[in-house]
1. Sorted by packing (mean other beta-carbon atoms within 10 Å per residue), highest first, where do 372-382, 414-424 land?
2. Around Leu55, which amide H atoms from residues at least 5 apart in sequence, or from another chain, sit under 5 Å from its own amide H, with H modelled in the peptide plane?
3. Can you sort Val68, Val178 by solvent-accessible area, 1.4 Å probe, largest first?
4. Please compare each pair in Lys131/Lys161; Lys242/Lys360; Lys249/Lys375; Lys264/Lys438 to a cut-off of 26 Å on the Cα-Cα distance and tell me which ones are over it.
5. Apply the Karplus parameterisation 6.51 cos²θ - 1.76 cosθ + 1.60, with θ equal to phi minus 60°, to every residue of the stretch 279-296 and state each ³J(HN,Hα) to the nearest whole Hz, in sequence, with x for glycine and proline.
6. Would you please give the residues with an amide H less than 5 Å from that of Asp415, counting only those at least 5 places away or on a separate chain, with H modeled from the backbone geometry?
7. If amide hydrogens are placed 1.01 Å from N in the peptide plane, which non-local residues have theirs closer than 5 Å to the one on Asn289?
8. I want the local charge near Ala542. Using Cβ-Cβ distances under 14 Å, sum +1 for each Lys or Arg and -1 for each Asp or Glu among the other residues.
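The values are calculated or read from the model by the stated rules, or taken from the named source; none is laboratory data. Small disclaimer: the values here were computed from a predicted structure and weren't measured. A quick note on method: Cβ atoms are made from the backbone with ideal geometry, for glycine too, and the neighbour counts reach across all protein chains shown. Ligands, DNA and RNA are stripped out before the accessible areas are found, and what is left, the full protein with its side chains, is counted by its heavy atoms. Shrake-Rupley method; radii C 1.70, N 1.55, O 1.52, S 1.80 Å.
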Amino acid sequence: MDFKVLFSQLVVLYSKLTKQQRIIIAAAIVGIIAFLIFLVVYSAQQGSDKKYEVLFDSLSSSDAAKVVEQLEKENIPYELLDNNVIKVPKEVVYKQRIAIASMGIPKDSGVGFELFDNQEFGATSFDQNIKYLRALEGELSRTINSLSPIESSSVSLAIPKDTLFVSKQQDPTASVMVTLVDGRVLSSKQIRGIKNLVAAAIAKLTAENVTLVSSDGETLGDNDEMSQMGELSVVQQRYKSKEEKKRQKKIIEVLSPFVGGKDKVVAQVTIEFDFSVKNSTSESYDPENVVRSEQISEEKREGAKPAEVGGVPGTVSNIGPVQGLSSNKTSEKYEKNTGTTNYEVGKTVSTTKSQFARIKRITAAVLVDGKYKQKVDENGNTTEEVEYESLDEAELQAITSLVSRSIGIDEQRGDEISVKNLQFTREATPEGVSGVNKALAFSETYLAPFSGLFKYLFVLILLFIVYKKIISPFAERMLEISKEEDELAKPVLDIEDDEEEDLVEKVQAMRKKVEEQLGVGEGFNEDELKHDVLLEKVRTMAEDTPEEIAALLQALLTEEAEGGNAAVKPEKATS
């Protein structure tokens, strides 16, 4: 956009306006600017004067009522928002927070681990345990209060002391009381979540030992097992329906090209699932043993017993062996072999977990339409009438085979499939309706993918029409006057630059020639020459149009006479 041209056009437009129009436009612009300034200043002042900040949030209904009562007693403006959020002006928020807190409000706020921010000198272990229990209960209560259906909650923990005797050990327990928001209830998932939350925060605490009670005294979660079974059955039914629809869609997609369209096939599939969860563990041993270790021990020993001398007691036996007598000398030999062989027995342990759902049986029923062809008259010419022709057995067998393979029919499992060929009943539609249907089908097929592009194209066309029909004619009307003046301002003779330079030189030459003929030189007075030329021109006009010159002189004399009389009359009056 050329701002210079735009500014020049605005200047031309402004110059064509009357004085009254200029005053009206200027007053309107000043009024709009003053109104905008007033809005900005007023909104800023109001925002600064009424800037509120949060005094308390997430209060219980009783605490909120007490805080509001105190603020009304002090004549302090406040705002009460959702979830019992109370706001007061910024300059009094801290003062009122301290004043209301000194009155013990809110009482249901609870405490957490901030109890340990200030350590007391001389505190015993019992005091520390009590503080820890209070802090843990407060933190759990705050966490539970963050749930949207819960307005407030209170948690009580019963943690037994540790003991060395196993028979005397007791499991910790917990109780939770919740106050629900009006019109809200806790679902079974939320109840289990609260119990698991409390159980996970305490060592050795199980979700079964957590009791959840509402403010009406109703125990929540007693029928937890039944609700879990209900939710599980819903999931199972949803899974079963999804699988059946998936196989029905497969059948229609496989057969529609063969029978001539999706509207000529009807399929229903029923699947029986086994949702029971089974875990099995099996051990198998390798018949080929492998020697892991072998130990062999061998022991040998050789020797003889001491000689024994026998004989008659006396001198001979005391002095040693005597020739001719044999001794009882014997030899000894000992040998022992021991071997130990350890074999490694190969063992394989496998644990199998069944899938979520096992197919027990599939039954499918498929109904397909036949063929349609035009009738032939006696002369062999085709007519406009259409006759039905059923499918033959080979075609039905082919359809059965296709369907069986597409959805996984297993005869050994007991699956069954039934394919029938019947004529579909079709309603006669008028030609106009069929044409409309064809147009709709064409638009859905070819035009729907470009709907987003058409939207932007329509907006561009609309803007172009507005520009051509409204903006452009208005601009042309506004600039008509300026165009007419530009045309009037144009010179009668279009003189180019070169011609203009030649014209200047010719004028100067003619002027010099005239001066030479008149005999004037440097003392030439141009004003006197202009005066003479004007007199000559007036004389010529008087000769050509004497009547117009006479009328002009008479009008001048009359105007001068009237002016003189008007000037004389006041002098006579004053005299």
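1. On the way: 372-382: 9.2, 414-424: 14.7.
Listed from highest to lowest mean packing, they are 414-424, 372-382.
2. Ile86, Lys87, Val88
3. Val68, Val178
4. Values: Lys131/Lys161 16 Å; Lys242/Lys360 16 Å; Lys249/Lys375 34 Å; Lys264/Lys438 18 Å.
The pairs that break the limit, which is 26 Å between Cα atoms, are Lys249/Lys375.
5. 10, 10, 10, 10, 10, 10, 10, 7, x, 8, 7, 10, 5, 8, 7, 9, 9, 10
6. Counting only residues 5 or more places away or on other chains, the set is Ile362, Asp410.
7. none
8. Values: positive: Lys537, Arg539; negative: Glu536, Glu543, Asp544, Glu547, Glu548.
Here the charged neighbours net out to -3.
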